[in-house]
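These notes concern the structure reproduced below.
The values are calculated or read from the model by the stated rules, or taken from the named source; none is laboratory data. These numbers come from a predicted model, not from an experiment. Cβ atoms come from the backbone with ideal geometry, glycine included; neighbour counts cover every protein chain shown.
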């Protein structure tokens, strides 16, 4: 089943997307959204960044301080990785970009 999302052109522009669905410019970090890396892999993901962020925050509530889409072993091989700070402690939560399954939810040791 294929779902198609229809947005007005102005909404696409505010998201940094061109009319063809290609990123027109990198999205800048803001107070509510940290910088995101992995735009080149986004076409292969079935789960959107926003959906994956919601899954990660449900698994480990806190403030997202970093997020990326990367190829990594486990699950489908494509995962969103979120750095989440909670009570002064950093955690890494990995969400499979194709199934939405939580693949990782551990304290971040900095040994990536």
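Selection of region 75-98 for residues being closer than 19 Å to residue 109 by Cα and surrounded by fewer than 17 Cβ atoms within 10 Å (Cβ to Cβ) yields 85, 86, 87, 88, 89, 90. Among all residues of region 34-56, there is at least one that is modelled with pLDDT under 95, farther than 20 Å from residue 101 by Cα and part of a loop (DSSP other than H, G, I, E, B). Filtered by the rule that a residue be in a strand (DSSP E or B) and closer than 12 Å to residue 56 by Cα, region 96-112 gives 96, 102, 103, 104, 105, 106. Name the residues in region 75-85 that are more than 16 Å from residue 44 (Cα to Cα) and more than 10 Å from the chain's Cα centre (by Cα), would you? The answer is 83, 84, 85.
Within region 81-95, is even one residue part of a loop (DSSP other than H, G, I, E, B), touching a residue at least 12 places away in the same chain (Cβ under 8 Å), in contact with a strand residue (DSSP E or B) (Cβ under 6 Å, 6 or more places away or on another chain) and within 19 Å of residue 38 (Cα to Cα)?
Of all residues in region 81-95, those part of a loop (DSSP other than H, G, I, E, B) come to 87-88.
Filter once more, so that each one left must be touching a residue at least 12 places away in the same chain (Cβ under 8 Å): 87.
Now drop any that are not in contact with a strand residue (DSSP E or B) (Cβ under 6 Å, 6 or more places away or on another chain), which leaves none.
Within region 81-95, not a single residue is part of a loop (DSSP other than H, G, I, E, B), touching a residue at least 12 places away in the same chain (Cβ under 8 Å), in contact with a strand residue (DSSP E or B) (Cβ under 6 Å, 6 or more places away or on another chain) and within 19 Å of residue 38 (Cα to Cα).
Please enumerate the residues belonging to region 43-54 that are surrounded by fewer than 18 Cβ atoms within 10 Å (Cβ to Cβ) and closer than 17 Å to residue 105 by Cβ.
51, 54
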